[in-house]
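The values are calculated or read from the model by the stated rules, or taken from the named source; none is laboratory data. Just so you know, these numbers come straight off a predicted model, no measurement behind them. Backbone-built Cβ (ideal geometry, glycine too); neighbour counts: all protein chains shown. When the accessible area is computed, the model is the full protein with side chains, heavy atoms only, and any ligands, DNA or RNA have been set aside. Shrake-Rupley method; radii C 1.70, N 1.55, O 1.52, S 1.80 Å.
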Amino acid sequence: MRLLLMRHGQTHANVSGELDTAHPGVDLTDLGRAQAVAASRALADEPIDAIYVSSRVRTHQTAAPTAEDRDIELTQLDGLEEIQAGDFEMRKDHDAVAGYIGCVATWLEGDLTHRMPGAETGEEFLERFDAAVRRIVDAGHDAALIVSHGAALRTWVSTRMEPHPDAPPAHQPLHNTALIVLEGDLDAGWRMVSWQGHPVGGAYLEDAAAEDPTGDLDSDGDGEIG
């Protein structure tokens, strides 16, 4: 099976730097909506049988142009949501952002039992994301687009994908409407086909001024997690 894993477009919380993970989440910015339209155009030659989104409104808004172009109904699937911020929800201060990023870094280093304060462990996150992907695989699609979230996608892909020499390190930014393409399945494993960390519609759709803590797992600004 072919999985196209896309991060949602830019939101107002991405711009302000707030950790927005709860339901329903904030809307896309004007740039985010332009990214969504550009992403639909960029995917025009990709065979897609189904489009899955999380319960957060930003994934629906991002996937809408692609769904409309292909006359495909969006399927909301529990489990595809962002890694829960818990006690850090809607905060943007240094301690909160560092705490969130530090927890995810701990998971990526192998300690999946570590708990995000007031939220889930790495094991719990992977269990619910795996369950969602399994439902997509079991539906029998040849190719499906999943519109999800930055930290969630990088954590799931980094722990479930077979090692690949061209795969970027986990701390490399995954910008809005970035796209990771995998092939395989949950049992046999997933192989990387491509990894585009910048907006799939073109680099001109980036916003270098946005704080975007869940898109850049780097709390020090030095290219390293933590």
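Taken residue by residue, the range 84-94 has at least one member that is over 19 Å from the mean Cα position of the chain (by Cα), outside any loop (DSSP other than H, G, I, E, B) and over 29 Å from residue 140 (Cα atoms).
Being part of a loop (DSSP other than H, G, I, E, B) and of a type in the set (A, V, I, L, M), is that true of even one residue in the range 153-162? Step through it out loud before you land on a result.
Going residue by residue through the range 153-162, those that are part of a loop (DSSP other than H, G, I, E, B) are 162.
The next check asks that each one be of a type in the set (A, V, I, L, M); those that pass are none.
Looking for residues that are part of a loop (DSSP other than H, G, I, E, B) and of a type in the set (A, V, I, L, M), one finds none in the range 153-162, hence no.
The residues of the range 11-28 that are open to solvent by less than 10 Å² (accessible area, probe 1.4 Å) and assigned to a loop (DSSP other than H, G, I, E, B), listed by number, are 17, 19, 21. Just a yes or no: is a residue in the range 108-122 in a helix (DSSP H, G or I), in contact (Cβ under 8 Å) with a residue 40 or more places away in the chain and open to solvent by less than 30 Å² (accessible area, probe 1.4 Å)? There is no residue in the range 108-122 that is in a helix (DSSP H, G or I), in contact (Cβ under 8 Å) with a residue 40 or more places away in the chain and open to solvent by less than 30 Å² (accessible area, probe 1.4 Å). Candidates in the range 145-203 are the residues that are polar (S, T, N, Q) and touching a strand residue (DSSP E or B) at 6+ places or on another chain (Cβ under 7 Å); of these, the one that is most open to solvent (accessible area, probe 1.4 Å) is 196. Is it fair to say residue 126 is open to solvent by 10 Å² or more (accessible area, probe 1.4 Å), within 26 Å of residue 191 (Cα to Cα) and under 19 Å from the mean Cα position of the chain (by Cα)? Considered against the rule, which asks whether it is open to solvent by 10 Å² or more (accessible area, probe 1.4 Å), within 26 Å of residue 191 (Cα to Cα) and under 19 Å from the mean Cα position of the chain (by Cα), residue 126 comes out as no. Could you check, for the range 49-56, whether at least one of its residues is out of contact with any His (no Cβ under 9 Å at 6 or more places or on another chain), open to solvent by 40 Å² or more (accessible area, probe 1.4 Å) and over 24 Å from residue 121 (Cα atoms)? Taking every residue of the range 49-56 in turn, none turns out to be out of contact with any His (no Cβ under 9 Å at 6 or more places or on another chain), open to solvent by 40 Å² or more (accessible area, probe 1.4 Å) and over 24 Å from residue 121 (Cα atoms). Need the failing condition index for residue 63 against (1) in contact with a Leu (Cβ under 6 Å, 6 or more places away or on another chain); (2) among the hydrophobic types (A, V, I, L, M, F, W, C); (3) not in a helix (DSSP H, G or I), just the number. Here residue 63 meets the rest and fails (3). Taking residue 78, is it more than 18 Å from the chain's Cα centre (by Cα) and either without any contact (Cβ under 8 Å) to a residue 60 or more places away in the chain or in a strand (DSSP E or B) (or both)? So residue 78 does not fit the description; no.
Restricting the first member to the range 1-25 and to residues that are more than 14 Å from residue 150 (Cα to Cα), and the second to residues that are among the acidic types (Asp, Glu) and modelled with pLDDT under 95, the beta-carbon pairs closer than 6 Å and six or more apart or on different chains are 1/185. Can residue 46 be described as assigned to a loop (DSSP other than H, G, I, E, B), at pLDDT 95 or above and either farther than 18 Å from residue 7 by Cα or open to solvent by 30 Å² or more (accessible area, probe 1.4 Å) (or both)? Against the criterion (assigned to a loop (DSSP other than H, G, I, E, B), at pLDDT 95 or above and either farther than 18 Å from residue 7 by Cα or open to solvent by 30 Å² or more (accessible area, probe 1.4 Å) (or both)), residue 46 qualifies.
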